[in-house]
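Reviewing the structure listed below.
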Amino acid sequence: MLVKDMDEVRLVRRIRVWLAVFIAGLVLSGVTAFPLVWETGLLLKIVQHLAPSTGTVVWVQRVHEGLVATGQRYPFLAYGTDWLAFAHLVLAVAFVGPWRDPVRNKWVLQFGLIACAAVVPLALIAGAVRGIPLWWRLGDCCFGVCGTIPLWFALRDVKVLEADAILQT
């Protein structure tokens, strides 16, 4: 069954919406890797207000104090998270390829799905080695799981476009 021109336009538009969601997530994730001391301070205030006597407060306070102390004594270590932020922004740019030509750049979506799947074992294994609480690691796993959703839908639609292109040749 050939995809009609109007259906093709809709498919491409839908692919771009899914890509926009994924790209926005990467950009947001990247930009928020810069102000960690400020962010953890804000998070600490929020959790102290919502649940003042929980293990969450203890953990967030420990993380915040660690970032503050490290920043004062070893500010150069934050350079590592600067590169983490940069990597997120660069990866976001990679998804412009499938935005422009979804079928030709289908591999970028597949790469993204593999990367999202790899988040889960990394968070669970490296987090355990580093002493990160399980509930925090599971939250980190959500980044990979949530990232698969827009990529999976975009790839599904790309495959429809690809199949139609093959049938037309």
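The values are calculated or read from the model by the stated rules, or taken from the named source; none is laboratory data. Predicted model, so just to flag it, every value in this text is computed and none were measured. Note that each Cβ is placed from the backbone with ideal geometry, even for glycine, and that neighbours are counted across all protein chains shown. Remember, those area values only see protein heavy atoms, side chains included, never the ligands or the DNA or RNA. Shrake-Rupley method; radii C 1.70, N 1.55, O 1.52, S 1.80 Å.
Given the conditions (1) more than 19 Å from TRP18 (Cβ to Cβ); (2) open to solvent by 60 Å² or more (accessible area, probe 1.4 Å); (3) without any contact (Cβ under 8 Å) to a residue 24 or more places away in the chain, which single one is not true for TRP136?
Against the list (1) more than 19 Å from TRP18 (Cβ to Cβ); (2) open to solvent by 60 Å² or more (accessible area, probe 1.4 Å); (3) without any contact (Cβ under 8 Å) to a residue 24 or more places away in the chain, TRP136 comes up short only on (3).
Let me confirm something: among LEU42, LEU19, LEU89, LEU50, which residue is at pLDDT 95 or above and more than 30 Å from ASN105 (Cα to Cα)? Steps first, answer last, please.
On the way: LEU19 fails: more than 30 Å from ASN105 (Cα to Cα); LEU89 fails: more than 30 Å from ASN105 (Cα to Cα); LEU50 fails: at pLDDT 95 or above.
Selected residue: LEU42, the only one of LEU42, LEU19, LEU89, LEU50 that is at pLDDT 95 or above and more than 30 Å from ASN105 (Cα to Cα).
Is one or more of the residues making up the stretch 125-133 of a type outside the set (D, E, K, R), touching a residue at least 12 places away in the same chain (Cβ under 8 Å), out of contact with any Ser or Thr (no Cβ under 8 Å at 6 or more places or on another chain) and outside any helix (DSSP H, G or I)? Walk me through it before giving the result.
Kept after step one, since they are of a type outside the set (D, E, K, R), are these residues of the stretch 125-133: 125-129, 131-133.
Narrowing the set further to residues that are touching a residue at least 12 places away in the same chain (Cβ under 8 Å) leaves 127, 133.
Pick out the ones that are also out of contact with any Ser or Thr (no Cβ under 8 Å at 6 or more places or on another chain) and you get 127, 133.
Then drop every residue that is not outside any helix (DSSP H, G or I), which leaves 133.
Within the stretch 125-133 (the criterion being of a type outside the set (D, E, K, R), touching a residue at least 12 places away in the same chain (Cβ under 8 Å), out of contact with any Ser or Thr (no Cβ under 8 Å at 6 or more places or on another chain) and outside any helix (DSSP H, G or I)), the answer is yes, since at least one residue qualifies.
Given the criterion out of contact with any Lys or Arg (no Cβ under 6 Å at 6 or more places or on another chain), part of a helix (DSSP H, G or I) and open to solvent by less than 50 Å² (accessible area, probe 1.4 Å), identify the matching residue among ILE15, ILE46.
ILE15
Consider the stretch 97-133. How many of its residues are within 15 Å of ALA20 (Cα to Cα) and in contact with a helix residue (DSSP H, G or I) (Cβ under 8 Å, 6 or more places away or on another chain)? Give the steps one after another, and end with the answer.
Step one: list which residues in the stretch 97-133 are within 15 Å of ALA20 (Cα to Cα), which gives 97-102, 108-109, 112.
In the following step, the residues that additionally are in contact with a helix residue (DSSP H, G or I) (Cβ under 8 Å, 6 or more places away or on another chain) were identified as 97-99, 102, 108-109, 112.
Residues meeting the conditions: 7.
Need the failing condition index for ALA33 against (1) part of a helix (DSSP H, G or I); (2) open to solvent by less than 40 Å² (accessible area, probe 1.4 Å), just the number.
Evaluating ALA33 over (1) part of a helix (DSSP H, G or I); (2) open to solvent by less than 40 Å² (accessible area, probe 1.4 Å) leaves (1) as the failure.
Testing TRP83 on (1) in a helix (DSSP H, G or I); (2) at pLDDT 95 or above; (3) open to solvent by 60 Å² or more (accessible area, probe 1.4 Å); (4) over 30 Å from TRP38 (Cα atoms), one condition comes back false. Which one is that?
Only one criterion is unmet by TRP83, namely (4).
Assuming ASN105 fulfils every condition listed in (1) buried (at least 16 other Cβ atoms within 10 Å of the Cβ); (2) farther than 20 Å from VAL27 by Cβ; (3) free of Cβ contacts under 8 Å to residues at least 12 places away in the same chain apart from one, which condition is it?
Only one criterion in (1) buried (at least 16 other Cβ atoms within 10 Å of the Cβ); (2) farther than 20 Å from VAL27 by Cβ; (3) free of Cβ contacts under 8 Å to residues at least 12 places away in the same chain is unmet by ASN105, namely (2).
Any residue in the stretch 70-99 that is within 28 Å of ILE15 (Cβ to Cβ) and in contact (Cβ under 8 Å) with a residue 24 or more places away in the chain sitting within a Cβ distance under 7 Å of a residue that is among the β-branched types (Val, Ile, Thr) and open to solvent by 70 Å² or more (accessible area, probe 1.4 Å)? List the pairs, counting only those 6 or more apart or interchain.
Every condition considered, the pairs that remain are ALA85/VAL31.
Working carefully through the options LEU124, LEU91, LEU151, find the one that is closer than 26 Å to PRO35 by Cβ, of a type outside the set (Gly, Ala, Ser) and surrounded by 14 or more Cβ atoms within 10 Å (Cβ to Cβ). Let's see the steps before the verdict.
Details: LEU124 fails: closer than 26 Å to PRO35 by Cβ; LEU151 fails: closer than 26 Å to PRO35 by Cβ.
The conditions single out LEU91.
Rundown of residues vs (1) in contact with a Leu (Cβ under 7 Å, 6 or more places away or on another chain); (2) farther than 30 Å from VAL158 by Cα; (3) not basic (Lys, Arg), yes/no style:
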residue	(1), (2), (3)
GLY30	yes, no, yes
PHE34	no, yes, yes
LEU50	no, yes, yes
SER53	no, yes, yes
LEU67	yes, yes, yes
VAL93	no, no, yes
ASP101	no, no, yes
VAL108	no, no, yes
